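All of the numbers you see were taken from the coordinates with simple rules; none came from a lab. These figures come from a predicted structure and were not determined experimentally. All Cβ positions, even for glycine, are placed from backbone atoms using ideal geometry, and neighbour counts span all protein chains on display.
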Amino acid sequence: MTHPNPSFSAGDMPAQMSPIAHFWNDVLAPKFITYRHILVGGLARHSAAVLPTLDVKAGDTVLDVGCGFGDSALDLAKRVGERGHVTGVDCCEAFLDLAREEAMRARASNVDFIYADAEAHLPKAGYDFVFARFGTMFFVNPVAGLRNMNNALRPGGTMTHIVWDARENNPWLAAARDVLLEHLPQPDANAPSCGPGPFSMANPDVLELQMRAAGCQDITFKRVEQKVLVGRDIEEAIAFQLAIGPAGEIFRLGGAEAEAKRSQIENDLCELFERFEKDEHGIWMDSASWIVTSKSNAA
């Protein structure tokens, strides 16, 4: 059965984006693009364990929220085939430019990409499947963002989003942060940032309450443990952590003090990464996440 493409255009979007969206565009985009090979390739084992399990069928229409560089959207486009369609949305224009380039290179005619702030606006009641991979944790208002995702589903449609488990189960992000906090102060809670952060949805009980408030039904959680590549060598792993993630936030906000202590911080991070698994690809560290699935109201 074929489905209409419920895609929407930039003209449907509200004029203003949230401060978080501006932060992603102005501050984080260059850093994420620099380390794109880690952020995409480094999650290869994780993606291989998760993406094939998604309830996506040939002919489905799919909305990929926070699609980033478009790798997940292109994977889903292969799954839905010529009769289906995938729309990727992200609040970072630079990411979408690269995603469109990848789609053109792959000759994927059944995928498009739209600039959108999921907390502010998404299309309503059209998609068979709504997906988000490591994006919903950055919602400032999680209930609003999750409600928009749920409302984008057709009756009886499926939503799956992937979020990181607790900090202690994700040393690939948490271990470097702990090292930085030995040298620099905890950032001010009011400092400009990417949002609540990667562990804001780590508690299943809290997340389930948020999802129920957003109108989601039949909520299930599945835990996944996989290694994550954090750099091709120790030098790159250190640079990656000082640019992105909780450690990167601490270092950026540390300003002149952080730069003055850079050598000492890098030495301690070197000792940290020496303890983790290495192979011909680079340095691998433990990670754990939740695959969270729900249904929209079938009525």
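A few points about this structure:
- Along each principal axis, Cα extent of the range 64-107, largest first, Å: 28, 21, 12
- In this simple spin-label model, placing a label point 7 Å from the Cα along the Cα-to-Cβ direction at both Glu225 and Ala166 gives a separation of 1.4 nm.
- Model label points for Gln217 and Glu280, set 7 angstrom from Cα along the Cα-to-Cβ axis, are 5.2 nm apart.
- Karplus (6.51, -1.76, 1.60) ³J(HN,Hα), θ = phi - 60°, over the range 162-167, in Hz, Gly and Pro reported as x: 10, 9, 6, 6, 4, 3
- Under 15 Å from the Ala260 label point (7 Å along Cα→beta-carbon), backbone N, the range 162-191: 183-185
- Here the Kirkwood formula puts the hydrodynamic radius of the range 162-289 at 16.0 Å, using every distinct Cα pair.
- Per-selection Rg to Rh, the range 106-237 - Cα, Kirkwood hydrodynamic radius: 1.01
- The residue list Thr293, Gly245, Asn267 was ranked by how far each Cα lies along the charge dipole of the range 242-299 toward its positive end, using unit charges on Cβ atoms, and Thr293 comes out on top.
- Over the chain, relative contact order from alpha-carbon pairs under 8 Å, at least 6 apart, %: 21 percent
- For Asn297, distant residues with modelled amide H under 5 Å away: Gly156
- Rounded to the nearest 500, the helix-only mean residue ellipticity at 222 nm of the chain stands at -11500 deg cm²/dmol, with each DSSP H run of n ≥ 4 adding -39,500 (n - 2.57).
- Three-way shape call for the range 95-148 based on the alpha-carbon gyration tensor, with the a/c threshold at 1.5: prolate
- Over 21 Å apart at the Cα level, from the set Lys57/Lys78; Lys57/Lys227; Lys78/Lys124, are Lys57/Lys227; Lys78/Lys124.
- Amide H contacts under 5 Å for Val130, placed H, 5+ residues apart: Leu63, Thr158, Met159, Thr160
- Computed over the range 145-299, relative contact order equals 46 percent, with contacts defined as Cα pairs under 8 Å that lie 6+ residues apart.
- The shape of the range 35-106 can be summarised by an equivalent ellipsoid whose semi-axes, obtained from the alpha carbon gyration tensor, come to 19, 16, 10 Å from longest to shortest.
- Gyration tensor verdict on the range 119-181 (Cα atoms; rounded if a/c is under 1.5, prolate if a/b is larger than b/c, oblate otherwise): prolate
- Residue-by-residue Karplus 3J(HN,Hα) for the range 216-232, coefficients 6.51, -1.76, 1.60, Hz, glycine and proline x: 6, 10, 6, 7, 10, 10, 10, 8, 10, 10, 8, 6, 10, 7, 10, x, 6
- Taking the C-alpha atoms of the chain, convex hull volume expressed per residue in Å³: 126 Å³
- A simple rule links phi to the HN-Hα coupling: the Karplus curve 6.51 cos²θ - 1.76 cosθ + 1.60 with θ = phi - 60°, which for the range 128-138 gives 6, 9, 10, 10, 8, 10, 6, x, 5, 5, 9 Hz, with x for Gly and Pro.
- Measuring spread by the Cα atoms of the range 50-185 yields a radius of gyration and Dmax of 16.3, 55 Å.
- Cα point-scatterer Debye curve for the range 197-243, base-10 log of I(q)/I(0) at q = 0.31 Å⁻¹: -1.14
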